[in-house]
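Below is one structure, written out as structure tokens, with a few remarks after it.
No value in this document is a laboratory result; all are computed from the given coordinates. Note that this is a predicted model, so its numbers are computed, not measured. We place every Cβ from the backbone using ideal geometry, glycine too, and count neighbours over all the protein chains shown.
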Ligand SMILES: CCCCCCCCCCCCCC(=O)CC(=O)SCCNC(=O)CCNC(=O)[C@H](O)C(C)(C)COP(=O)(O)OP(=O)(O)OC[C@H]1O[C@@H](n2cnc3c(N)ncnc32)[C@H](O)[C@@H]1OP(=O)(O)O
Ligand SMILES: NC(=O)C1=CN([C@@H]2O[C@H](COP(=O)(O)OP(=O)(O)OC[C@H]3O[C@@H](n4cnc5c(N)ncnc54)[C@H](O)[C@@H]3O)[C@@H](O)[C@H]2O)C=CC1
């Protein structure tokens with residue numbers, strides 16, 4: 001069977017794999033026979049989560065660190081001799097308006113910077129180093145060598161009040177998709193980005209329940225929070241469809257946030 005027509009045997013690196021959408025992706029990929037490197041912060045549940053799965057190893061790193069990401073990729077090569085799929089799930093959220101007149105407080109600049117650094121720069125740091133490994137792969141019959149999947153958000157397009165930093169970081173990821181595909185297509189590496197709507201994870205749970213309920217009510221159908229495995233299923237679809245490239249895919253039940 002040609003490589004990338006199924007997840008079986010593919011070496012996959014999932015950032016943010018200790019929780020939420022990334023964890024669901026690690027779970028689905030390992031069940032489908034992939035060999036998975038779970039990358040997450042040293043302070044995360046990464047070790048515990050990896051131990052619960054077959055063919056999964058935890059390699060701790062802060063995705064914003066060049067040095068730590070380089071070490072994760074070195075260890076991936078040492079253990080698995082290649083890298084076929086990268087799924088960038090690691091990310092953080094913030095809720096902060098540009099200016100709170102009640103508190104006479106403008107959006108803290110360091111908070112804006114932190115969100116952009118983790119979500120956008122961290123995602124790019126993973127990509128720029130993973131490409132080096134993928135480009136060394138033996139191509140399949142279609143000349144394919146690798147697949148990269150990024151995680152943006154519907155906030156990239158319908159950012160709510162208080163989401164200027166988060167939406168900027170996620171719009172940047174969506175904006176990177178096509179130029180990335182253009183840059184690395186020559187190596188046989190495809191790039192797609194998923195824009196999830198509202199999914200049932202610890203990150204979304206950081207919002208007040210009132211806000212979560214209001215958001216859920218605006219999902220057209222199915223009117224519920226997304227299940228993390230539905231995100232993971234989209235990752236599997238992207239890997240297994242050789243003609244999906246350079247695309248940003250909303251996965252949101254037709255939610256358009258107000
Ligand atoms: C305090 C919560 C901390 C959360 C930490 C991080 C959460 C990050 C979650 C992101 C998860 C990722 C999900 C994803 O990618 C998909 C999505 O984007 S889902 C959408 C998520 N939405 C947000 O993150 C919104 C963030 N904004 C806010 O929570 C609030 O705007 C904020 C806390 C920043 C300020 O609220 P508040 O102090 O109430 O502002 P005001 O007092 O000025 O409010 C005036 C008025 O307007 C109402 N309002 C405020 N924000 C919103 C909003 N986002 N949508 C609709 N209405 C809003 C507010 O209720 C007031 O109305 P009243 O009738 O006067 O009460
Ligand atoms: N839950 C939702 O409704 C939506 C989530 N998203 C995005 O999906 C991705 C995953 O989010 P969730 O699973 O919901 O959140 P989550 O909080 O459950 O998982 C995020 C993971 O990323 C890790 N992480 C954070 N910063 C990191 C860093 N610097 N280095 C390494 N790992 C780091 C965390 O430790 C955590 O394990 C995020 O990028 C988020 O912005 C996008 C749209 C909707």
query: Shape of region 107-258 from its Cα gyration tensor (a ≥ b ≥ c, root eigenvalues): rounded if a/c is under 1.5, otherwise prolate when a/b > b/c, or oblate?
result: oblate
statement: Taking only the Cα positions of region 1-95, the convex hull volume per residue in Å³ is 96 Å³
query: Quick one: 126, 161, 234, fewest Cβ neighbours within 10 Å first, how do they rank?
result: 161, 234, 126
- line: Most exposed first, judged by fewest Cβ atoms within 10 angstrom, 99, 80, 166 run 99, 80, 166
Binned Cα-Cα distances of region 50-189, short to long, each 5 Å bin given as a whole percent: 2, 9, 17, 18, 17, 14, 10, 6, 4, 2, 1, 0, 0
message: Could you order the peptides 15-28, 66-79 from most to least packed, using the average number of other C-beta atoms within 10 Å per residue?
response: 15-28, 66-79
- request: Determine the gain in length on full extension of the stretch residue 54-residue 67; use 0.36 nm per residue of separation and subtract their C-alpha separation, reporting nm with one decimal.
  value: 1.9 nm
statement: By the Cα gyration tensor axes a ≥ b ≥ c (a/c under 1.5 gives rounded; else a/b larger than b/c gives prolate, otherwise oblate), the shape of region 114-196 is prolate
message: If I model a spin label as a point 7 Å beyond the Cα along the Cα-Cβ vector, how far apart are those points for residue 256 and residue 209 in nm?
response: 3.1 nm
field: Burial order of peptide ranges 191-198, 2-9, 153-160 (average beta-carbon count within 10 Å, highest first)
entry: 191-198, 153-160, 2-9
- prompt: Using the scaling law 2.2 N^0.38 Å as the reference, what is the normalised Cα Rg of the chain?
  reply: 0.98
- prompt: Per the helix-only calculation at 222 nm, which mean residue ellipticity applies to the chain, given -39500 (n - 2.57) for every DSSP H run of n ≥ 4 and division by its residues, nearest 500 deg cm²/dmol?
  reply: -12000 deg cm²/dmol
statement: Once residue 116 and residue 74 are pulled to full extension, the length gained, defined as 0.36 nm per residue separation minus their Cα-Cα distance, is 12.5 nm
